[in-house]
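A.B. asks: I am attaching a structure below and will ask some questions about it afterwards.
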Amino acid sequence: MAAQTPSSSARPRASDLGLKVGVLPAGPLDAITDVAGVRVGHATIIRGENIRTGVTAVLPHSGNLYREKVPGAIFVGNGFGKLTGSTQVEEMGDIETPILLTSTTSVPRVADALISYMLALPGNEDVLSINPVVGETNDGYLSDIRARHITPDDVSAAIKGAKDGPVEEGAVGAGTGTIAFGWKGGIGTSSRHLPANLGGYIVGVLVQTNFGGVLTIGGAPVGQELGQYYLRKELAQAGADKATGKDKADGSCMIVVATDAPLDSRNLKRLAARALFGLARTGSSASNGSGDYVISFSTAPQVRIHSTDKSPTRHDEVLTNDSVSPLFEAVIEATEEAIYNSMFKATTITGNGHTIEALPIDKTVAILKEHGVIK
């Protein structure tokens, strides 16, 4: 990657630009890993002229997830996508594997490798069924998607390399070959921390952005002013014939939501639904070809499902419906900022005979200042 574009470390996050999204404070890392126990790992695959793909792993905790499941839920904004494991999560309300994101045609291979990984874990010798949770976006514009280059070793590397602390963003892992609003998309993350009088809970979000629309940042019409937005050619805007890039609104956005709030699967699904409000704030068109999914889970120890618990009843202490409203605001804000971070940190990528430019920071900053979004 270094040979074709500057390092993502040279590019700012939203907070580095003074961009404040919403009213709630971010966690210390402003990342999904602010939720204690959550770890993230990437396998970034860049080879030759036409391979720009990868895998991103989100681990709800460091233990054996099959033996210590977490409550989970999935909300489908638009179901044009391939999300393995979704029906069992919907039915049973729990997640029993790491959550993996990858390229569309590689989902079956990644799921197979994830099953092998889980079956091989100590303590799982008697396990006969695993429900792998694997989501995707289509990176076929920048990568040779038909060849399905991801291997079991790549999956293992993403899972075993998962760690807490800062999360690498931009054109990494499952975001290596993705596109957002006609510019380079990728992996982004953010978090929000509720004040003590609202429970002190944390909501963290990680996104894989590969969708389009009319980019809006903090309410500023960035996409329009940069001349790069959905339907610009059809609307015959001045200079549209000279515009470059890929402005179709098709694609997908995968959103992973973690919280330490004690939520059951029903309220986790309600939380997941609100993440799409954050997606909408960025200008997504949610087009026919955009597969928009949210996977949410709670890491609270008191709501985990232990395989050793054989009692016919459970007595969990969970938040009431009224108490989850502040979490809804938190997930909206964190999702919006995570999407911005995926683009701010992404670098220009050339692959598969195409080049997708990174969002121009200087021009974007000028637009944000003009509209009073930042000083």
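The values are calculated or read from the model by the stated rules, or taken from the named source; none is laboratory data. It should be emphasised that the depicted structure is a prediction, and the values quoted were computed from it without experimental measurement. Methodologically, a virtual Cβ is constructed for each residue, glycine included, from the backbone with ideal geometry; neighbour enumeration extends over all protein chains shown. Calculation scope for accessible area: heavy atoms of the full protein, side chains included, ligands and nucleic acids excluded. Shrake-Rupley method; radii C 1.70, N 1.55, O 1.52, S 1.80 Å.
A.B. asks: Could we say that D94 is open to solvent by less than 50 Å² (accessible area, probe 1.4 Å), of a type in the set (D, E, K, R) and modelled with pLDDT of 95 or more here? Full working, then the answer.
C.D. replies: On the way: open to solvent by less than 50 Å² (accessible area, probe 1.4 Å): yes; of a type in the set (D, E, K, R): yes; modelled with pLDDT of 95 or more: yes.
Yes.
A.B. asks: Among the β-branched types (V, I, T) and within 21 Å of L121 (Cα to Cα): which single residue out of V38, V76 fits that description?
C.D. replies: Of V38, V76, the one residue that is among the β-branched types (V, I, T) and within 21 Å of L121 (Cα to Cα) is V38.
A.B. asks: Let me ask another. So which strands (runs of 3 or more DSSP E) are wholly in region 24-80 and hold at least 1 residues that are farther than 30 Å from L142 by Cα? Write out each step before concluding.
C.D. replies: Numbers: elements: 39-47, 51-59, 68-78.
In region 24-80, the matching strands (runs of 3 or more DSSP E) lie at 68-78.
A.B. asks: How many of the residues making up region 163-192 are surrounded by fewer than 21 Cβ atoms within 10 Å (Cβ to Cβ) and assigned to a strand (DSSP E or B)?
C.D. replies: Matching residues across region 163-192 total 1.
A.B. asks: Still on this model: Conditions: (1) of a type in the set (A, V, I, L, M, F, W, C); (2) surrounded by fewer than 24 Cβ atoms within 10 Å (Cβ to Cβ); (3) touching a strand residue (DSSP E or B) at 6+ places or on another chain (Cβ under 6 Å). V127 meets all but one. Number of the miss?
C.D. replies: Result: V127 fails condition (3) only.
A.B. asks: Looking only at residues that are open to solvent by less than 40 Å² (accessible area, probe 1.4 Å) and outside any loop (DSSP other than H, G, I, E, B) in region 130-146, which one is nearest to V294 (Cα to Cα)?
C.D. replies: The initial filter retains those residues of region 130-146 that are open to solvent by less than 40 Å² (accessible area, probe 1.4 Å), namely 130-137, 139-140, 142-143, 145.
Adding the requirement that they be outside any loop (DSSP other than H, G, I, E, B) leaves 133-137, 145.
Working: V133: 12, V134: 12, G135: 10, E136: 12, T137: 13, I145: 23 Å.
Among them, the one singled out is G135.
A.B. asks: If we only count strands (runs of 3 or more DSSP E) wholly inside region 267-375, which ones have 1 or more residues that are open to solvent by 50 Å² or more (accessible area, probe 1.4 Å)? Talk me through it step by step, then tell me what you get.
C.D. replies: On the way: elements: 290-298, 349-351, 354-356.
Hits in region 267-375: 349-351, 354-356.
A.B. asks: Restricting to region 277-297, give me the number of residues that are more than 15 Å from L83 (Cβ to Cβ) and in contact with an Asp or Glu (Cβ under 7 Å, 6 or more places away or on another chain). Spell out the reasoning first.
C.D. replies: Step one: filter region 277-297 for residues more than 15 Å from L83 (Cβ to Cβ), giving 277-289.
Those left that are additionally in contact with an Asp or Glu (Cβ under 7 Å, 6 or more places away or on another chain): 278-279, 281-282, 286-287, 289.
Selection size over region 277-297: 7.
A.B. asks: For the condition within 30 Å of E357 (Cα to Cα) and more than 13 Å from the chain's Cα centre (by Cα), what is the one hit in S307, S290, S298, S323?
C.D. replies: Values: S307 fails: within 30 Å of E357 (Cα to Cα); S298 fails: within 30 Å of E357 (Cα to Cα); S323 fails: within 30 Å of E357 (Cα to Cα).
Just a single option satisfies the conditions, and that option is S290.
A.B. asks: Note down all Cβ pairs under 9 Å where the first residue falls in region 155-173 and is on the phi > 0 side of the Ramachandran plot, the second is basic (K, R) and open to solvent by less than 50 Å² (accessible area, probe 1.4 Å), and they're at least six residues apart or on different chains.
C.D. replies: G170/R11; G170/K184; G170/K345
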